[in-house]
Amino acid sequence: MQQQRLDRGKQLQPLQPLIRLGAIYFLFVISIHAQNPTTTFGGPGGDPYSVNCGNDKIMVGLQIKTGSHFAVGYQINMARPICVSVDAGGDWVGTPAATSSYAGTDSGTLSSVTCPTNQAVTGFGGYAGLYVDGISLACSSMRELGTVANDQAYFGNLLGFHDFEGMKGIFSCVPGMPANGISGHAHDWLDKFGLTCHTPTTPSPTVDSITTTTNTLVGGNPVQGTVFLNAPAPSGGLRVGISNQVDVADAAFIPSNPTTPDPLNVPATTKTVSFGFNTLPVPHVVTVKLNPGPGSASHFVSKTITILPPSLTSVSLSPSVTSPGGSETGTITLNGNAPVGGVAANLTSSFSSVATVPPSVSVSPGTNSATFPITVASTNESGCSVISASGLFTPQGGTSIRQSLLTVKGPLNSAFKLGANNISASGATGTIFLEQANREPGTITLVSSNPSLLGVPSTIPVPASTQSLNFAITVQSRPPSGISCAAITVTDPHGNKNSMVFLIDTSLRRVE
């Protein structure tokens, strides 16, 4: 290879004055900022060049042109850096572009290579003897404030050609510093090549992300959040504001100054700051976007919070077990305060013959509960009823109805006792124990207050001198949702009555 190359200083000497005049254009681009050159490779010929990206950019690739020359073969005719700006966090800003200035002669076949996104050139290797034959770039990930990570690796294909002397390099920038341009010697082609390295000037830090402890909350509750910068705040800290974006119709449901503190101040040398965002009770779902600033034109940051209206958490009874004609109070509870105008829940009683409730109950603005009366029938018998509340907002996957069991306990007759054994999801075995055995045969009558769910035989024969009997209690079906109940009333041959109350949901339980 070297035998094919001639000493260009001797071979082309008559042409040099004209060629050098044409070369003035690419030689003037010399950065006025401090540069840290790498080791160069190549030969001693040519004129010095330095083509840099500028003080606020980094080198992220290389563009070359190659051609064939008489007596010396294929060479790199021209080279120029590909550059891009970066933000304080190290992300590229804009699209990488080659400099208008170049080293060498602008002729030949064009090719280029660019580092992966958000990386910078930090080293090179390749093939060179008296002239530069081929160049490979090494790239590293950008970090904060124009520095690079320690993860350098060759990237992309060889630019140019191989020679017989073997690959040289890697020749690297100072650790932590990206390349800012190229330097060396060139004339008709590249004689010598190296990198100039420089930490670019970066803009002030901007908001990189924002998080909150929850994305969904019930109105009237605060949410905590954190703002993250893309680089440490400078001396004196950095002020961060958070604006909120909401539909005009919902503006009244957002406090006038929801963010605390406002503005935020990120202390010097740190990257995070915490904040609180206050909400008001809302009558419907309200979506608000939190937009922190200062932001970046290439990286818009926003956080969406969904504010929910209150929903039912429970309906409770006091007391839950009462006597016929007793006084009863129900209470509904919400998971948040009612908004302006209040909210109303619908009420039902599964057995109005046992207990009745008003059709609805209202929760006043700014409160999260309300009471309602329950009128218990004045019968002289045991019974049950499921008191249900519904009609308020139900979050996705939530339960729209809240229920509670009211048990009415009638007078206990001492003529016989009732029991239930072997209780399972499908039923139970009822027991009757007579205080005195019948002298003559008789019949016991049984009635279920909810026969479609819980069935019993209508009668049981009682042989003479019998004191204990069993009967089957069978779960006929289950409530489609929530709970239900049934009272089993037993009447002996002499007209004496006693009852048992069962709760029915996914299982069967005796409650009284």
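Taken together, the values in this text are just the output of simple stated rules run on the coordinates, not laboratory data. Here the structure is a predicted model, which is why all the values come from computation and not from measurement. Cβ: placed from backbone, ideal geometry, glycine included. Neighbour counts: every protein chain shown.
When the range 416-510 is described by a simple charge dipole with +1 on each Lys and Arg Cβ and -1 on each Asp and Glu Cβ, the residue from PRO451, SER507, ASN422 located farthest towards its positive end is SER507. Taking 0.36 nm per residue of sequence separation and removing the Cα-Cα distance, the VAL93/ALA344 pair yields an extension gain of 85.0 nm.
For the pair the range 335-393 and the range 89-120, the centres of their Cα atoms are 73 angstrom apart.
Note on THR269 and ALA472: the model spin-label points, each 7 Å out from Cα along the C-beta direction, lie 8.2 nm apart. Note on GLU435 and ASN257: their simple-model spin labels are 7.6 nm apart, each label 7 Å out from Cα toward Cβ. Spin-label model, ASP505 to ASN278: label points 7 Å out along the Cα-to-beta-carbon direction sit 3.8 nm apart. Counting 0.36 nm for each residue step from GLN245 to VAL447 and taking away their Cα separation leaves a gain of 66.5 nm.
Straightening the chain between THR313 and VAL174 buys 43.7 nm, computed as 0.36 nm per residue apart minus the Cα-Cα spacing. A Cα-only calculation for the chain places Rg and Dmax at 43.2, 145 Å.
Shape analysis of the range 238-349 places it in the prolate category; the axes a ≥ b ≥ c from the Cα gyration tensor give an a/c of at least 1.5, with a/b above b/c.
Computing FRET efficiency as 1/(1 + (r/R0)^6) for ASN291 and ALA149, where r is the C-beta to C-beta distance and R0 is 25 Å, gives about 0.25.
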